[in-house]
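Notes follow once the structure below has been shown.
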């Protein structure tokens with residue numbers, strides 16, 4: 001079955017970077033970490049959820065890839081970034097990433113994003129990330145995530 005356009009965009013971004021990972025679209029939703037973990041059969045902590053924040057002063061988009069088991073401490077993110085952050089609206093997320101909330105992948109965005117990766121993801125052998133739609137995911141390793149995002153690993157939970 002062919003992938004939807006957004007999921008295909010992620011598949012092409014993976015291929016362009018030389019990654020062999022395959023995007024999988026499911027009938028069930030993988031929008032939340034709990035839903036994704038249930039669908040793919042892994043721990044919630046193995047879900048690499050992509051969250052977009054907005055710098056309050058700069059207006060820049062910031063990607064935090066957090067373990068599905070964790071909340072992001074916005075004060076820690078502020079300290080890492082050097083400015084306060086806020087949660088943006090859906091239009092901001094789509095305009096900066098090219099994807100809808102609930103399907104934002106770690107790569108293939110319309111513009112380069114400052115990226116932070118939750119250190120808790122690094123303890124797993126394999127993880128799963130969103131792939132462009134609320135029903136699409138792909139498996140990868142934490143090392144792959146680092147390579148494809150050039151993200152900085154940091155403590156992100158409170």
Practice item. Obtain the nm distance between the two label points defined at residue 71 and residue 155 by a simple spin-label model: each point lies 7 Å from its Cα along the Cα-to-C-beta direction. Key: 1.7
**Study point:** Estimated FRET transfer efficiency (residue 22, residue 43; beta-carbon r; R0 22 Å; 0.05)
**Key:** 0.55
Point to revise | Separation between Cα centres of region 22-36 and region 64-117, rounded to whole Å | key: 19
Review point. Who wins for biggest fluctuation among 47, 101, 117 in a Gaussian network model of the chain, springs between alpha carbons below 10 Å?
Key: 101
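Which order do the peptides 88-95, 5-12 come out in when sorted by mean C-beta neighbours inside 10 angstrom, highest first?
Values: 88-95: 14.8, 5-12: 19.5.
Highest to lowest by the protection proxy: 5-12, 88-95.
Express in nm, to one decimal, how much length is gained between residue 119 and residue 58 on full extension, taking 0.36 nm for each residue of separation and deducting their alpha carbon distance. Don't skip to the answer; put the middle values down first.
Values: separation 61, 0.36 × 61 = 21.96 nm, distance 2.56 nm.
Full-extension gain reported as 19.4 nm.
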**Study point:** DSSP-defined beta bridges in the chain - what % are antiparallel, rounded to 5
**Key:** 60
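What do you get when you divide the Cα radius of gyration of region 5-154 by 2.2 N^0.38 Å, with N the number of residues?
Against the empirical 2.2 N^0.38 Å value, I get 0.95 for region 5-154.
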**Study point:** Nitroxide proxy distance, nm - points 7 Å out along Cα→Cβ at residue 141 and residue 100
**Key:** 3.4
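Please state, rounded to one decimal and in Å, the Kirkwood hydrodynamic radius that region 63-144 gives when every pair of distinct Cα atoms enters the mean of 1/r. Don't jump to the answer; show the numbers that get you there.
On the way: mean 1/r = 0.0731 Å⁻¹.
The Cα-based Kirkwood calculation yields 13.7 Å.
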Study note, to complete from the structure: CD proxy, 222 nm, the chain: helix-only mean residue ellipticity via -39,500 (n - 2.57) per DSSP H run with n ≥ 4, per residue, nearest 500, stands at -8000 deg cm²/dmol
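Only the coordinates and a few stated rules stand behind these numbers; no lab work does. Treat the numbers as computed from the prediction; the structure is a model and nothing was measured. Note that each Cβ is placed from the backbone with ideal geometry, even for glycine, and that neighbours are counted across all protein chains shown.
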